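The values are calculated or read from the model by the stated rules, or taken from the named source; none is laboratory data. What you are looking at is a predicted structure, and each value in this text was computed from that prediction instead of being measured. Here Cβ is always computed from backbone atoms with ideal geometry, including for glycine, and neighbour counts include all displayed protein chains.
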């Protein structure tokens, strides 16, 4: 039953844009799907394995710059960045993991936050390598119509979704959750927590990195403040998962839809645009207090409440 | 099977364990007793790999394990339970045991089989789908044991698995211990419940203030003056 | 070393110590909150920003010297802190959720709201409080007529430093000698035991958050004469608070003081000999390095000495 739903939705997503959507609508869809990928990746490490990262922008940015630097320095098509970013980001995540995964709970969160900021400042300062604050711009657009970009990110999202589902349902998934629930107990049960946390981190980083490389190709322009952004990338990634539903399959997807639509709505209302941080902050606070497991995670509770009302 | 030689461990300036030496033979049940704070759980933490001893070493089947990490020690065959039970709270009882079973299982089917067998063995099969957070204490303690067993250990360290149980639960747990012994698994048990530990242990080691004060059969221990003094005060032994 | 080099070094050290005193005050607030409530407050810098805006507007409308504003900022920030703890943080602590890091994320949200509201209301312009004594300084050559080197001691910096030290000393007395202070320390050491001793732990938590907020608010007022103000400065000061706290050892007030001074001197040295732009990265690197190599901070070194091991 569950497998049918996802296949159905995938089929829907493949067919629907052929009906002819405006460029703006396609853009929204592409962003929704891209954020779903980032959210699913974050969810694997944070929601399932319990390691809350405040620095996913690091992986996004490394992926984006891999694609960008290939174009800028080697004159290659930035699309090569997609496969190459897997290698580069995984390698980077091994180093970052080595430094950060030994820290528990909130210290891991803070250390990843630090890594994100350090990478941003580094990208700003290594001007010879990254063009610094000027950023990298791709002059030739691969396609004018958005629909091809859409199918590429949809493919990435489908691969991400099915891979993560496979992982969670396997021994790896059980080990991740065991580590999240009680790391010491997990160690005593023979689980090499360092190894498995690293695996979770590498997978999470790789998917986020591909999204970053895609972003470079799709938007055509990146700079350190855009792709290594704490509030606009790392924290939005957390919000996507927290709003949608931590440790669920569909949570990040729901969260991506809500967050992207919300951002668009806020942007289009004239005076509200400047206040988008405030509104996001308020949303975050509200979700944490009232619906800490997100929408998908809170459904059982909401369902119970509704059912109880009917009984009385 | 397990040999501890001159184990000492210091926290800050305090010697939590001082010069502890003993051995556990294959298939026997060694009881570990002592007043609160004597260092029993600390000793388990050293054997299990959570602490590295400041002095001395631990060997299991003639192999030094005091430098290994807990998951490596578990893979070698020592499993443990925790005094304050640590269920994997948001997972079901079944998933708790399944997660442990993956250690020795070659594939999912094998792990499932092990989980089934262990749950039946421990009498938890009827609650297997309950979320472990909602279990009553007695069943949670049994889940701890079941989980440890699912890792296919040769030796089991049980930390106060009988504390807080009512008489019925107590008897059920004692039965399980006897069944485990019948399978040839060596055990080391920390317990305060005197009747229980006296009845099931083959030998007993007594600790007080981090030092070993006695070692012997249950009968010898029950009349040993330092042990009586530790539990009941100096006047009682006089 | 040439006289010029000695001069630069001494000046750098003096600047570092003065800066360190202020950093210590910022860190003290955070370490108290962390010690008592095990909460990581990523909105700490934003609270300081709020106090700075209060001082700024008081200066603009009433020509109130920022140093006097300290006495106003302290109670206002205290109440703000109490409100945040009571209405936002406490509910989160009670809820059971999959991610244990919810309260950190909550404070991120609070910080976002505070800094964005400030941007909306006050615009992102840089502001400062130009007080008359802003450029006043003491010179070594005034005291010691034929000194080989010239050292200057800024009046504003010195006053800020002295007030910061005074507040720290008062805090010390409060924690060590008063009943309320001891109750707070008891809650920090073992909340369950404190409850059993009749301490109203819930109230302690609320008070501590208020206290921590008022400390960082005071630091803000002390900073504004010598620094400048813009709505998003919270982030870097939260970071400073963190590094100070972690460097000093979580929950240790002595540690926070030492950590603050160390950080101040470190930053002063890097600013003089390496360059201003690297300050944020330097802080983060210190932060990560301490987390990895000395997780207990300076306090753990002090503890080791005390126990002789």
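When residue A:169 is tested against (1) surrounded by fewer than 24 Cβ atoms within 10 Å (Cβ to Cβ); (2) more than 14 Å from chain B (Cβ to nearest Cβ), just one condition goes unmet, and that condition is (2). In summary, residue A:44 fulfils each of the numbered conditions (1) within 18 Å of the chain's Cα centre (by Cα); (2) outside any helix (DSSP H, G or I) with the single exception of condition (2). Note on region A:80-104: among residues that are under 19 Å from residue C:247 (Cβ atoms) and assigned to a helix (DSSP H, G or I), the one that is nearest to the other protein chains (Cβ to nearest Cβ) is A:99. Scanning region C:240-279 for residues that are more than 21 Å from residue C:168 (Cα to Cα), outside any loop (DSSP other than H, G, I, E, B) and within 14 Å of another protein chain (Cβ to nearest Cβ) returns C:270, C:276, C:277, C:278, C:279.
Out of region C:272-286, which residues are surrounded by 14 or more Cβ atoms within 10 Å (Cβ to Cβ) and without any contact (Cβ under 8 Å) to a residue 60 or more places away in the chain? C:278, C:279, C:280, C:281, C:282, C:283, C:284, C:285, C:286, listed by residue number. Looking at (1) closer than 18 Å to residue B:155 by Cα; (2) surrounded by 21 or more Cβ atoms within 10 Å (Cβ to Cβ); (3) touching a residue at least 12 places away in the same chain (Cβ under 8 Å), can you tell me which one residue B:16 breaks? Looking at each condition in turn, residue B:16 falls short on (1). What is the residue count in region C:99-121 for residues that are at the interface with chain A (Cβ under 7 Å from one of its Cβ atoms) and closer than 27 Å to residue B:90 by Cβ? Final tally of qualifying residues: 9.
Filtering A:161, A:176, A:108 for residues that are buried (at least 19 other Cβ atoms within 10 Å of the Cβ), within 14 Å of chain B (Cβ to nearest Cβ) and within 19 Å of the chain's Cα centre (by Cα) leaves a single hit, A:176. Scoring residue B:79 on the criteria (1) on the phi < 0 side of the Ramachandran plot; (2) in contact with a strand residue (DSSP E or B) (Cβ under 6 Å, 6 or more places away or on another chain); (3) at pLDDT below 90 leaves a single failure, condition (3). Return yes or no: is residue C:215 surrounded by 20 or more Cβ atoms within 10 Å (Cβ to Cβ), out of contact with any strand residue (DSSP E or B) (no Cβ under 6 Å at 6 or more places or on another chain) and farther than 30 Å from residue A:275 by Cα? No, not satisfied. Applying a threshold of 7 Å to beta carbon distances and a minimum spacing of six or more residues, or different chains, the list of pairs starting in region A:56-75 at a residue that is free of Cβ contacts under 8 Å to residues at least 60 places away in the same chain and ending at one that is surrounded by fewer than 22 Cβ atoms within 10 Å (Cβ to Cβ) and outside any helix (DSSP H, G or I) reads A:70/A:76.
For residue C:232, state whether it is facing chain A (nearest Cβ under 10 Å), over 28 Å from residue A:98 (Cα atoms), over 13 Å from the mean Cα position of the chain (by Cα) and surrounded by fewer than 19 Cβ atoms within 10 Å (Cβ to Cβ). Considered against the rule, which asks whether it is facing chain A (nearest Cβ under 10 Å), over 28 Å from residue A:98 (Cα atoms), over 13 Å from the mean Cα position of the chain (by Cα) and surrounded by fewer than 19 Cβ atoms within 10 Å (Cβ to Cβ), residue C:232 comes out as yes.
Of all residues in region B:94-124, exactly one satisfies the criterion of being facing chain A (nearest Cβ under 7 Å), over 14 Å from residue A:188 (Cα atoms) and under 21 Å from the mean Cα position of the chain (by Cα), namely B:98.
Restricted to region B:132-155, and to residues there that are touching a residue at least 60 places away in the same chain (Cβ under 8 Å) and closer than 20 Å to residue B:166 by Cα, the residue that is nearest to the other protein chains (Cβ to nearest Cβ) is B:144. Considering region B:196-234, the residues that are free of Cβ contacts under 8 Å to residues at least 40 places away in the same chain and assigned to a loop (DSSP other than H, G, I, E, B) include one that is farthest from the chain's Cα centre (by Cα), namely B:233.
Of all the listed residues (A:103, A:119, A:126), the sole one being touching a residue at least 24 places away in the same chain (Cβ under 8 Å), in contact with a helix residue (DSSP H, G or I) (Cβ under 9 Å, 6 or more places away or on another chain) and either surrounded by fewer than 17 Cβ atoms within 10 Å (Cβ to Cβ) or closer than 25 Å to residue A:206 by Cβ (or both) is A:119. On the basis of being surrounded by fewer than 18 Cβ atoms within 10 Å (Cβ to Cβ) and either touching a strand residue (DSSP E or B) at 6+ places or on another chain (Cβ under 9 Å) or within 11 Å of another protein chain (Cβ to nearest Cβ) (or both), does residue B:74 make the cut? Taking the combined requirement at face value, the residue does not satisfy it. Any residue that is within 11 Å of another protein chain (Cβ to nearest Cβ), touching a helix residue (DSSP H, G or I) at 6+ places or on another chain (Cβ under 6 Å) and at positive phi - is there at least one of those in region A:187-195? Yes, some residue in region A:187-195 is within 11 Å of another protein chain (Cβ to nearest Cβ), touching a helix residue (DSSP H, G or I) at 6+ places or on another chain (Cβ under 6 Å) and at positive phi.
Out of B:22, B:50, one residue alone is more than 14 Å from chain C (Cβ to nearest Cβ) and touching a residue at least 40 places away in the same chain (Cβ under 8 Å). It is B:22.
Count of region C:199-210 residues, restricted to those that are touching a residue at least 24 places away in the same chain (Cβ under 8 Å) and touching a helix residue (DSSP H, G or I) at 6+ places or on another chain (Cβ under 6 Å), is 6. Tell me, yes or no, whether region B:80-93 has at least one residue that is surrounded by 17 or more Cβ atoms within 10 Å (Cβ to Cβ), within 17 Å of residue B:180 (Cα to Cα) and facing chain A (nearest Cβ under 7 Å). Yes, there is a match, as at least one residue in region B:80-93 is surrounded by 17 or more Cβ atoms within 10 Å (Cβ to Cβ), within 17 Å of residue B:180 (Cα to Cα) and facing chain A (nearest Cβ under 7 Å). Considering (1) in contact with a helix residue (DSSP H, G or I) (Cβ under 8 Å, 6 or more places away or on another chain); (2) at pLDDT below 85, the lone condition that residue C:52 does not fulfil carries the number (2). Any residue that is under 29 Å from residue C:135 (Cα atoms) and either touching a residue at least 60 places away in the same chain (Cβ under 8 Å) or in a helix (DSSP H, G or I) (or both) - is there at least one of those in region C:293-304? Checked region C:293-304: no residue is under 29 Å from residue C:135 (Cα atoms) and either touching a residue at least 60 places away in the same chain (Cβ under 8 Å) or in a helix (DSSP H, G or I) (or both).
Among the numbered conditions (1) out of contact with any strand residue (DSSP E or B) (no Cβ under 8 Å at 6 or more places or on another chain); (2) buried (at least 21 other Cβ atoms within 10 Å of the Cβ), the only one that residue B:225 does not meet is (2).
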